[in-house]
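The values are calculated or read from the model by the stated rules, or taken from the named source; none is laboratory data. The model shown is predicted, which means the values in this text are computed figures rather than measured ones. So basically every Cβ, Gly included, is an ideal-geometry build from the backbone, and we count neighbours across all protein chains shown. The area values use the complete protein model at the heavy-atom level, side chains included, leaving out ligands, DNA and RNA. Shrake-Rupley method; radii C 1.70, N 1.55, O 1.52, S 1.80 Å.
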Amino acid sequence: MDIQDAAEHAINAWHSADVLPEVKTEGAKTWGTFLPVGAPDRFKAACADRGVTYVKGLAQALTLWLEAHPSPTSPLTHQPVTRVIVANQKGGVGKTFISSGVAQALAEAGRRVLLVDYDPQGHLTAELGFEDLMYEDDVETLLMHMDGTAKGDIHDLLVALDQERFGERLHLLPASDDAFLRDVALSKVSFSEAALERALEPLENDYDVIIIDGPPSLGLNMDTALYYVRRREGELSDRSGVITPVWANKASHRAFRLLRSQMEDLCRKGRITVDYLGLVVNAYDSRRGKLVKENRDQWERSSSPAVLAVIGDLKEGREAADGEIPLLEYAPDSEHAQAMRDLAKELAV
């Protein structure tokens, strides 16, 4: 229900209620909404008769309404697994840092999360301590499941992060050394845009969220990932989609335009919708000069996609990566860790 209609219903019910709930409004901020002509004056007069402030009267009304209309404990309609790619073809802007940090925060909060290292360089796999898996012989890979040559179960590729705070809810699909050949291999696959979806489909029922650490390049590799996070039939808008880390510099603006152009081209030709969930201005340091602040301001003036967070150039993320320890395990109380938790809350999961 629209908030305006809900408030009107709540106030009408408040007028006729014999018993009003006890609510604490000390320090509460005022809040307003549109009501039909005459309704505000009638409400104020009733508050005066009952000896309560307008804020308390409104709080009582909304409390009554919420008691009668509790929030559902599950989605009103079944939704697909949330799928997010952290994407920017410009390297070094923090794709791996954001992918890993948000996945950790979601798992810490009780979500079942799969991290997919879709970057051929395998930084995510290495930084989480699984680099050796990238070079194992005689094992199937994600690419083999994408091009249809795999014989086994894709579940066999997964590894779990065993830190207690993640409660066995955070898994990684590691990179492999054949990932550099992905663009060439996909060019020979029928309907290649759906190759990643076909590969990951057997895993989807096991997770609440699948986060993809995107490749630092444009091409078929990126198209398959963008197609995977498209809005599916019946899926709510802005639930799955793209998050782009950027820096406060001109190069990031150019890179963003290229990525957005490819995304719009894919949507137009494929007749699909890919939602932009937002931007993250990463490694921001105002001491780097006037132009840095101007570039940050330029990002923040963007209404679509909006800036979800501005994360400072802090040390904990680098130290955790160098030590091959998850950030939330290495520095759980750090500003970096809290930024990941705040960013995770932005996802409609």
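Descriptive notes on the structure:
- Between the stretch 212-286 and the stretch 26-55, the alpha-carbon center distance in angstrom: 45 Å
- At the residue level, VAL159 shows approximately 30 square angstrom of accessible surface with a 1.4 angstrom probe and all protein chains present.
- Three-way shape label, the stretch 192-334, alpha-carbon gyration tensor, a/c 1.5: oblate
- The stretch 249-273 residues near the modelled GLN298 label - backbone nitrogen below 16 Å, point 7 Å along Cα→Cβ: 249-260
- Each of PRO72, MET146, LEU124 was placed along the dipole of the chain (beta-carbon charges, centred on the mean Cα), and the one lying farthest toward the positive end is PRO72.
- Among the protein heavy atoms, those of LEU291 account for about 120 Å² of accessible surface (1.4 Å probe, every chain in place).
- Highest-MSF residue in the chain out of PRO120, PRO174, PRO70 [GNM, Cα springs under 10 Å]: PRO70
- Sum of side-chain charges, ARG111 neighbourhood, beta-carbon under 11 Å (Lys, Arg +1; Asp, Glu -1): 0
- The candidate values were (i) 60, 47, 43; (ii) 72, 43, 39; (iii) 80, 49, 44; the one computed from these coordinates for Cα extents along the principal axes in Å carries the label (iii).
- Antiparallel DSSP beta bridges within the chain, as percent of all bridges there, nearest 5: 5 percent
- For the stretch 19-70, the gyration tensor built on C-alpha atoms gives a rounded shape. Its axis ratio a/c (a ≥ b ≥ c) stays under 1.5.
- The simple Förster model, with R0 at 41 Å and r as the Cβ-Cβ distance, assigns VAL139 and GLU335 a FRET efficiency of 0.60.
- The angle separating the long axis of helix 250-270 from the principal Cα axis of greatest extent in the chain is about 90 degrees.
- About its Cα centre, the dipole of the stretch 1-144 is roughly 980 debye, where the only charges are +1 on Lys and Arg Cβ and -1 on Asp and Glu Cβ.
- Once the Cα-Cα distance is subtracted from the 0.36 nm per residue extended length, the PHE180 to LEU66 segment shows a gain of 35.7 nm.
- Rounded if a/c under 1.5, otherwise prolate or oblate - the stretch 30-122, Cα gyration tensor axes: prolate
- Accessible surface ranking for PHE180, PHE166, PHE191, 1.4 angstrom probe, highest first: PHE180, PHE191, PHE166.
- If R0 is 45 Å, the Cβ-Cβ spacing of GLU319 and ASP238 corresponds to a FRET efficiency of close to 0.85.
- Exposure of TYR135 as accessible area (Å², to 10), given a probe of 1.4 Å and all protein chains: 120 Å²
- Computed about the Cα centre, the dipole magnitude for the stretch 275-332 is approximately 420 debye when only Lys and Arg (+1) and Asp and Glu (-1) carry charge, each at its Cβ.
- Here the label points at ARG271 and ALA109, each 7 Å from Cα along the C-beta direction, are separated by 3.6 nm in the simple model.
- The simple spin-label model puts a point 7 Å past each Cα toward its Cβ; for VAL19 and LEU258 those points are separated by 6.7 nm.
- Relative to the longest principal axis of the Cα atoms of the chain, the long axis of helix 39-50 makes an angle of roughly 60 degrees.
- Solvent-accessible surface of the chain, taken per residue with a 1.4 Å probe and all protein chains present: 52 Å².
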